[in-house]
Amino acid sequence: MSSQIEDLIKYFREESKKEKEYAKALEETVRKSNNLMLKALIKAVSTDSLKHSGLYEAMAEMLEKPQLISEKESEDVIKEIEKHIEEEREAVEELKRLLNDERIKSAPAVKFIVEMLLRDELYHHALLKRLHDAVIKPSVFSEEQYWEMVWKDSMWHGTPGG
């Protein structure tokens, strides 16, 4: 492994640690507050920091030890992702409906949170749709591909002496 890749792995692991520490500090801030909205929003940022920590760790792991996804695992994951895509689509529709509700429009703090939720759901929907092409599809290694490689690289192509 090149030193440039090792440096990147180290960087990702340091950032993961920073994000965990930041999340912990935010949780401490949440404990000091009595305002429910403030607590909820700071908790949301804390949760995002933990998510970021995990993503940094995943990038380090991918560079350190690339892993293939089996066809079976891929099929199972794809089915689940399709289900989640539909759930996110439904959430987006519901949040858009809420934004048009006069009760929401007249409560600026509530409207702010609904808009924040809508942004997150739109992002989740797009993320899940791209997940297959960006992560699952390139990582799947089929048995057919395995045998194709074995055959292609075999000196004798399955027969004694060629």
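The values are calculated or read from the model by the stated rules, or taken from the named source; none is laboratory data. Please read all numbers here as calculations on a predicted model, not as lab measurements. Virtual Cβ from ideal backbone geometry, glycine too; neighbours counted across all protein chains shown.
The figures follow:
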quantity: Within region 82-109, considering residues that are closer than 23 Å to M37 by Cβ and among the acidic types (D, E), the one farthest from the chain's Cα centre (by Cα); calculated: E102
quantity: Residue that is closer than 21 Å to L131 by Cβ, within 16 Å of the chain's Cα centre (by Cα) and exposed (fewer than 13 other Cβ atoms within 10 Å of the Cβ), where the choices are K65, K51, K79, K72; calculated: K51
quantity: Output for region 56-65, where each listed residue is out of contact with any Ser or Thr (no Cβ under 8 Å at 6 or more places or on another chain) and either in contact (Cβ under 8 Å) with a residue 24 or more places away in the chain or over 20 Å from H124 (Cβ atoms) (or both); calculated: M59, E61, M62, L63, E64, K65
quantity: Residue tally, condition at pLDDT below 80 and of a type in the set (D, E, K, R), over region 64-81; calculated: 4
quantity: Filter result for the condition that a residue is touching a helix residue (DSSP H, G or I) at 6+ places or on another chain (Cβ under 6 Å) and either outside the structural domain of R119 (by TED's automatic domain parsing) or modelled with pLDDT of 95 or more (or both), over S33, S2; calculated: S33
quantity: Per-region count, region 11-30, residues surrounded by fewer than 14 Cβ atoms within 10 Å (Cβ to Cβ) and farther than 24 Å from L63 by Cα; calculated: 3
quantity: Count of residues meeting criterion [out of contact with any Lys or Arg (no Cβ under 8 Å at 6 or more places or on another chain) and either outside any helix (DSSP H, G or I) or of a type in the set (A, V, I, L, M) (or both)] in region 7-49; calculated: 14
quantity: Pairs where the first residue, in region 84-98, is under 15 Å from V110 (Cα atoms) and in a helix (DSSP H, G or I) and the second is β-branched (V, I, T) and modelled with pLDDT of 95 or more, C-beta under 7 Å, 6+ apart; calculated: L95/V114; L98/I104; L98/V114
quantity: Subset of region 38-48 that is among the hydrophobic types (A, V, I, L, M, F, W, C) and under 17 Å from the mean Cα position of the chain (by Cα) - its residue that is surrounded by the fewest Cβ atoms within 10 Å (Cβ to Cβ); calculated: V45
quantity: Residue in region 59-76 that is farthest from K10 (Cα to Cα), counting only those that are out of contact with any strand residue (DSSP E or B) (no Cβ under 9 Å at 6 or more places or on another chain) and in a loop (DSSP other than H, G, I, E, B); calculated: Q67
